[in-house]
Every structure is written in C-alpha cells, then in structure tokens.
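**Q** Okay, handing you the structure first.
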Amino acid sequence: MDTFIQTFFNIDIMMQAFPLLMKGAVMTLKLCAVVILCGLTGGLMLALAALSPRRFLRWSAIGFIDLFRALPPLVLLVFVYSGLPFAGIRLAPFWAVVIAFFLNNSAYFAEVFRAGINAVPKGQTEAARATGLSGPQTLIHVVLPQAIRNVLPDLLSNTVEVVKLTSLASVVSLSELLYNANMARSVTYNSSPLVLAAGMYLVLLWPLVRVVSRYQRGLSSSH
Amino acid sequence: MRFLETFFNGQVILNYLPDLVHAMGVTLGLAAATIVTGILCGAALACLRVAGLKVVNFFIIVFADIMRALPPLVLIMILFFGMSSLGLNLSGWTVIYIVLSLVLAAFSEEIFWGGLTSIPAGQWEAGRATGLSRAQTLFHITFPQAARRGIPPLVNRVLATTKLTALGSVIGVKEILSVSSSAQSFSGSATPLTMAAIAYLIIFIPAVILSHWIERRYHFAT
Amino acid sequence: MTKPRTMLEIAGLEKSFGEVQVLKSIDLKVQEGELVFVIGPSGSGKSTMLRCCNRLEEPTSGSIFIDGQRITDIPHRDLDRMRLKVGMVFQGFNLYPQMSVLKNVMLAQVKALKRSKAEAEARALEMLDQVGLKHKAGAMPAELSGGQQQRVAIARALALDPQVMLFDEPTSALDPELVGSVLKVMKGLREKGMTMLVVSHEMQFAREAADRVVFMDQGYVAEQGTPEEIFGAPKSERLKTFLSRVSHGDVEAEAD
C-alpha cells in the first residue's frame, strides 16, 4: 500500500512538478482554443458543403469527412509532423498539431452539424423562403439556430473529445500538459506527475462530462 | 515524380509490406479484443445500475465519468510506467487492451443506460404485470430495446476507440503506426507512413461506411 | 345454488404519494364472472386502485385478496407468481416493439409460466384467434392499428390464464372508430365468464355490459350499484354532476 502511494501519490514530487505542469496546462488550453475554433469553423463549412445541391461539392465534402474519420488522429499527426518534411514542408510542432487535428476535428464536427441541420423540418426552410428571406438568411436566422440547439450535447461531447485529443501532441514533443508531466516522470522516476496531470484534466473535463450526461438524460426523458 | 518517389517508393513498399500486414493483424486483434470486452462490461454495468443499489451506482457513475473525461494516453502512461515501478511489468499490448476496454466500457455503459432510461415505464410494467421477474423483464424486453436505440452512438464510439489502438505506438506495441514509424526512420523515406495511412483506410473506411448505413437504418426504424 | 365466489376483494385500501393521499379507504368486492366498471373524474384514484391490485403500485395500507389469497403481504420474490393470476391491460398497450405479435404473447408463457415453446405457441394462436387477430401473428406491433395492438395486449394477458382481468382505460388512447373492436372482445370475455375490473370512460358500454358500476371520487368509492341505479337514479350530487358533464362530452377534458 505504501509503495503504491509513493508511486502514484507522492505529494512532494507533485509539488515540485506543479509549476511545470501548470505551464503545460496553459499550452494545452492555448492549443484547445485554436483547435476547437478551427474545428468548429471547418466543420460547419464542410457540413454545408455536404448538404449542397451541387453534386461535385457534396461528394468531395463527404469524401473528405469519411477519409479523415477513418484515419486515427495520431496517424495524421505523425504523417504531418514526420512525413511532410520529406516533401520539404517542415512545421513547428504546434502547427503540425493544429493542422492534423483540424483535418480530424472538422470531419467530426461536420457530422454533428450535418445531423443537426437534417433534423430541422423542411417546413422551416419553406416558411422562411416564403416570407422572402434569401437562402443565406434562411440558413443563418432560421435553420442554424435550430440545428445547433438540436445537437448542443453532441457539440459539447465532441469538444471534450478534442481537449482529450490534444494530449497526443506530447508525441511530437509539444510541451503541453501530458508532455511536461511525462518529462517530470522521467526525471523523478516516479509516476505521481502523471497522476497530477490526470487530476488537472479531470478538473477541466469532469464538469463538461457531467453536463453532457445531464443533457442527454434530459433529452431522452422528455420523449 | 519526386512526390511519388517520396511517398510511394516501390522498393520500400515491397520491403516493408510483410511487416505491415503482420502489424495490421495486431491492430485488428487488439481492436477485436477491446470491442468485445468493452461492450460486454458496459452492458453489464448498465444492467447492474438498474438494480438501483445506491453505493454501487455511485461507483459506476464515477468510473464512467473518469474514463470519459481522461485522455486515454494519460491512463496508458500511468498504467505502463506506474505499474512497472510497482514491479508489475505489463506488456504494451496488455496496457492498451486494458485502457481501451475500460474507456469503451464507460462510454457503452452510458449509452446503454441512456437507452434504458428512455424506455417507457409501460414496457417494464407490461413485463412485470405478466409475471416476468425484474431480471427477465430487463433481459428480454427493456435491454434489447435499449441496445437497439444505442446502436448508432455505439458504432461511432467503437470506431473512435479502435482508432486509439494507434496509441500503442507510444509504448512499443507492434501495431500499424509503430511498425511504419520505425520503418520510416530505418528507410529514410516517408513511404511507410503512406502505407500506414492506407492500411488504416483499408480497415476503417468500410467501418465508416457501415456506420453511415446503420445510422440511416436505425434513424428511420425508430 | 352455491354462493358466488369472491375473486377480488379490496379492503380499507389507502395509497399516498408523498404528502398526497390518492386513495383514502377503498372497499370493493368483485364476484367470479362479474364485470365491474369503475368510473369517476380524473384524479379520483381509479387507475391507482387498479394498479394496486397487482402491486404495480405498493398500497400504503389495507388489504387486497385475489381468490381468497391476501396479496398485499406476500414477499417481493413471490410477486411474479401472483401477477400471473391477474391479467392487466394498459391504456398505452405496451406491446414489446422488437418482437412479433406471436412472440409478444408467448414470452411470459415461456419465461414465467415455463410452458414449452410449442405449447405456448398453440396457446398464443388460440388467444389471438379469440381476439380476431390470428392472421397477424407474424406482424410487428408497429404494423398494427391501435385497436389491433390493444387486442394483442388482451391476448397476451389472457394467454397466462388469469383469474381476474384488470383494464386500465383500455380504449382511451384509441381513435373512436377503433374502440368498438376492443369492446367487442371484452364483451366476448364476459360471456365466457371472465372476472373483470374495468376503469374506463365508455359509459355506453358500461350501461350495456357491466354487472355493477362503481363511482369513485376523491379517493373514495362514493356510490355503487347496477348500471340502471347508477345511470338512471344517481343519489349523490357529485355523481349527478359527473354524469351530466360526461353526457355533455366533457369526458375528454376529464380523461387527461
């Protein structure tokens, strides 16, 4: 029992590692902000393209979505970070992560948006168009607000996934939370910094996970 | 031409193809083991939660929350490095199998439980009123309906979790990504990475298409 | 002539949900082969009383006897066996959507009564025939009309050979043109001598088919008697008010 506590919950080591981990956490948050914003924007664009009446646009968007849903994000990351330099494109770890996750996240967010838009009844568009709103106006004022409300829990749970995903950046030596924690582990020969990092992820994500659960329960009990 | 040479070098492909095919087997095996364990454990936990034992339910909820909130890579590192310093050397394969199974169990427990709570009370009552026990009602009537409702999100979650087998590369499991990464550094060519991407596409594109099909089918069925 | 057997007896039944006392002391007897109709405004506790009779609701106090056996104090593990003796038909049918009509009627026979598959199937088909739906045995519930679903639900309950049948507003979720088919099945059951306790707003049917009508109000049995007595010569003011409102078509507003 004692060795267990010494290995995983060594308070002294945690205190030592704390400043380094906080620095990592700040990087994680920065990364999240950029990646989530890119993912949401890209996802919305892709979803609209995937629902476009123009066949070429529609099929390229669907192809893009399926391609990047099928590739593990870590594979994308390694490809962007270690593969692209062979073609003369050398990226800083931060931007490699942003690009790789943009490809992955926008595909996932696009699926969510698409489901949300599909769930808005046709009559809504028809009513809006009949009252003289243009196509884009109908989309912005009538369809999207309802679509987003439809899939809010999914958007939120997808966002949780994105935050978790940023831990993969440690693989390409970006000094975010997990990377710094693992560094502290290898210096101290002790796993407590990893446990501390886990605690920090929990502080950030547990409330969100609770909200998602509550939300889904609320929706399901209402019908 | 230089692009082809870099990403589709024929000689490199031939050299590493056998290794990669073997690695695909490892990935598939790991994925299959994870799926079976994760879904069965998730279903068992959801059914256990029906019994309504306060303490048990509290632990199930905490377990599901933690496993859904923590990045799997953090869990993998804690288990892999922490256990070895406790003198318990788990192989990389075992660590990935345990962590991904736990994660999938947590998500599928939530999916099944969400399904169970959305089953109308009348279904339980009809079962009980015809003399079936709680367990029989759960097993024959409500759980099958909950599972059916849960299929689309479950398929998506299974896809997401099995793709995480690529994390095995971080702790030396000889799956697709780690085999191709080391091939890339040995050969000094990006081609093995392209091969890895293609290998994953061969495995997962059919799965993605299947998930679309299932989503459409169950969307209209309910 | 032998004295008729009391199939269902409710004595001093009380039921509270938290602070709210829904049933305030109910006494009621149903003889073998009798069809007893329970009417009353919504919120009068009719459904709650019915649901206490197979302990889908737990009574707060009082006793209920089925065929002389007190069911209010049997332990939980024996509830399933007791429920086999009491058939119940719900307002919302509650057919199992993932099983065919035949499987719906077979399930409890096989799992709770431990009948063989072949026996259960034969019995299921017989019961489906009785409710006029033998040709739908292979259909899924979603393919049936509401009236057909409710008849399957009746067959599902009957297949377990219950001694008493409880009907909880069996027709109030149905379109008007489908009500008749369900009532016809219930009439047929009465002719076969089934003991039935029915909560319903179908006053015309009560007039024609009931042996006795019970008027419940505010958690009490306020008045009971033959249909002629209840509908022809109501004694209490409350019953008079209720009947006049029902005859003016307010029953729909009452039902919810």
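**Q** Where does segment B:2-221 land on the Kirkwood hydrodynamic radius, alpha-carbon pairs, in angstrom?
**A** Every distinct Cα pair counted, the radius reaches 19.6 Å.
**Q** Now for a different question. Once you average over the residues of A:104-111, how many Cβ atoms of partner chains fall within 10 Å of each Cβ?
**A** Averaged over the peptide's residues, the number is 1.
**Q** Right, another one. Using modelled backbone amide H atoms (1.01 Å from N, in-plane), which distant-in-sequence or interchain residues come within less than 5 Å of residue C:42's amide H?
**A** none
**Q** Each label point is 7 Å from the Cα along the Cα-to-Cβ direction; what then is the distance between the points at residue B:40 and residue C:140, in nm?
**A** It works out to 2.9 nm between the two label points.
**Q** Out of every Cα pair in the protein assembly as shown, what percent are spaced more than 42 Å from each other?
**A** Counting pairs separated by more than 42 Å, the tail of P(r) holds 44 percent.
**Q** Given N residues in segment B:93-222, what is Rg(Cα) / (2.2 N^0.38 Å)?
**A** 1.46
**Q** For the pair residue C:100 and residue A:57, what calculated FRET efficiency results from E = 1/(1 + (r/R0)^6), where r is the Cβ-Cβ distance and R0 = 51 Å, to the nearest 0.05?
**A** Rounded to the nearest 0.05, the efficiency is 0.70.
**Q** How fast does chain C diffuse by Stokes-Einstein, in µm²/s, taking the Kirkwood radius from C-alpha pairs at 25 °C and 0.890 mPa s?
**A** 131 µm²/s
**Q** Between helix C:117-130 and chain C, what is the angle of the helix's C-alpha long axis to the longest principal axis, kept within 0 to 90° and rounded to the nearest 10?
**A** Once rounded, one gets 50 degrees.
**Q** Using a 1.4 Å probe on the protein heavy atoms only, what accessible surface does residue B:216 show? Give it in Å² to the nearest 10.
**A** 140 Å²
**Q** Another one. Given that compact globular proteins tend to follow 2.2 N^0.38 Å, what is the ratio of the alpha-carbon Rg of segment B:128-169 to that value?
**A** With N residues counted in segment B:128-169, Rg over 2.2 N^0.38 Å equals 1.82.
**Q** Turning to a different aspect of this structure: Let me know the mean shielding of A:79-89 by other chains, meaning the per-residue number of their Cβ atoms within 10 Å of its Cβ.
**A** Mean partner-chain Cβ count within 10 Å for A:79-89: 5.
**Q** Just to confirm, what accessible area per residue do you get for chain C at 1.4 Å probe, in whole Å²?
**A** Solvent-accessible surface per residue comes out at 44 Å².
**Q** Starting at the first residue of segment C:39-56, write each ³J(HN,Hα) from the Karplus equation 6.51 cos²θ - 1.76 cosθ + 1.60 with θ = phi - 60°, in whole Hz, x for Gly and Pro.
**A** Values per residue, Gly and Pro as x: 10, x, x, 5, x, 7, x, 4, 5, 4, 4, 4, 6, 6, 5, 10, 6, 5 Hz.
**Q** Still on this structure, I have one more. Divide by every residue of the protein assembly as shown the summed helix terms, -39500 (n - 2.57) for each DSSP H run of at least 4, and state the resulting mean residue ellipticity at 222 nm, rounded to the nearest 500 deg cm²/dmol.
**A** -20000 deg cm²/dmol
**Q** So if I place +1 on the C-beta of Lys and Arg and -1 on the C-beta of Asp and Glu, and nothing else carries charge, what would the dipole magnitude of chain B be about its Cα centre? I want it in debye, nearest 20.
**A** Using Cβ point charges on Lys, Arg, Asp and Glu, chain B gives about 520 debye.
**Q** Let me ask something else. Heavy atoms only, probe 1.4 angstrom, no DNA, RNA or ligands counted: give me C:7, A:15, A:200 ranked by accessible area, highest first.
**A** Output order, biggest surface exposure first: A:15, A:200, C:7.
**Q** Still on this model: Based on alpha-carbon atoms only, what is the radius of gyration of segment B:1-125 relative to the globular estimate 2.2 N^0.38 Å?
**A** Rg over 2.2 N^0.38 Å, computed on Cα atoms: 1.50.
**Q** Considering only A:14, A:177, A:125, whose Cα is most displaced toward the positive end of the charge dipole of chain A, charges sitting on Cβ of Lys, Arg (+1) and Asp, Glu (-1)?
**A** Farthest towards the positive pole: A:125.
**Q** Summarise the partner chain shielding of C:110-120 as one whole number: the mean count of Cβ atoms from other chains within 10 Å of each residue's Cβ.
**A** 2
**Q** Rg to Rh for segment C:126-172: what is it, with Cα atoms only and Rh by Kirkwood?
**A** Over the Cα atoms of segment C:126-172, Rg/Rh equals 0.96.
**Q** Okay, next question. Any chance you could check the Cα centroid distance between segment C:188-237 and segment A:80-99 for me, in angstrom?
**A** 82 Å
**Q** Further, regarding this structure: Whole Å is fine, so just give me how far the alpha carbon centre of segment A:34-65 lies from that of segment B:38-62.
**A** Result: 38 Å between the Cα centres.
**Q** Now, a different point. As a test of understanding, state the convex hull volume per residue of segment A:101-144 from its alpha carbons, in Å³.
**A** 59 Å³
**Q** Summing both sides, how much accessible area is buried between C and B? Use a 1.4 Å probe and give Å² to the nearest 100.
**A** 1600 Å²
**Q** Report the paramagnetic label zone for residue B:22: residues of segment B:76-115 whose backbone N is under 13 Å from a point 7 Å from Cα along the Cα-to-Cβ axis.
**A** none
**Q** Leaving out ligands, DNA and RNA, what percent of the accessible area of segment B:2-221 is carbon and sulfur, probe 1.4 Å?
**A** The C+S portion of the solvent-accessible surface of segment B:2-221 is 72 percent.
**Q** I've got another one for you. Taking just the alpha carbons, could you work out the radius of gyration and Dmax for chain A, both in angstroms?
**A** 21.3, 73
**Q** If r is the Cβ-Cβ distance from residue C:218 to residue C:116 and R0 is 60 Å, what FRET efficiency results, to the nearest 0.05?
**A** 0.75
**Q** So who's got an amide H within less than 5 Å of the one on residue C:221, skipping anything under 5 residues away but keeping other chains? H placed 1.01 Å off N, in plane.
**A** Hits under the 5 Å cutoff: C:27.
**Q** Give me the orientation-averaged projected area of the Cα convex hull of segment C:67-139, in nm², one decimal.
**A** 6.3 nm²
**Q** Rounded to the nearest 0.05, what FRET efficiency do residue C:211 and residue B:94 give with R0 = 60 Å and r taken as the Cβ-Cβ distance? Could you check?
**A** Given R0 = 60 Å and the Cβ-Cβ separation, E is 0.25.
**Q** Would you give the gap between the C-alpha center of segment B:68-106 and the C-alpha center of segment B:168-182, rounded to a whole Å?
**A** First find each Cα centre; the distance between them is then 16 Å.
**Q** Quick query: amide H of residue C:8 versus all other amide H atoms, modeled in the peptide plane; which residues come in under 5 Å with a sequence gap of 5 or more or a different chain?
**A** Those qualifying (amide H under 5 Å, at least 5 residues apart or on another chain) are C:30, C:67.
**Q** With θ taken as phi - 60° and the coefficients 6.51, -1.76 and 1.60, list the Karplus ³J(HN,Hα) couplings across segment A:105-110 in order, rounded to whole Hz; mark glycine and proline as x.
**A** After applying 6.51 cos²θ - 1.76 cosθ + 1.60, I find 5, 5, 5, 5, 4, 4 Hz.
**Q** Each residue of segment A:76-86 in turn: what ³J(HN,Hα) in whole Hz from Karplus with 6.51, -1.76, 1.60 and θ = phi - 60°, glycine and Pro shown as x?
**A** Per-residue couplings from phi come out as 4, 5, 5, 4, 5, 7, 9, x, 4, x, 4 Hz.
The values are calculated or read from the model by the stated rules, or taken from the named source; none is laboratory data. These numbers come from a predicted model, not from an experiment. FYI the Cβ positions are ideal-geometry reconstructions off the backbone, even for glycines, and counts take in every protein chain you see. The accessibility values were calculated without ligands, DNA or RNA, using every heavy atom of the protein model including side chains. Shrake-Rupley method; radii C 1.70, N 1.55, O 1.52, S 1.80 Å.
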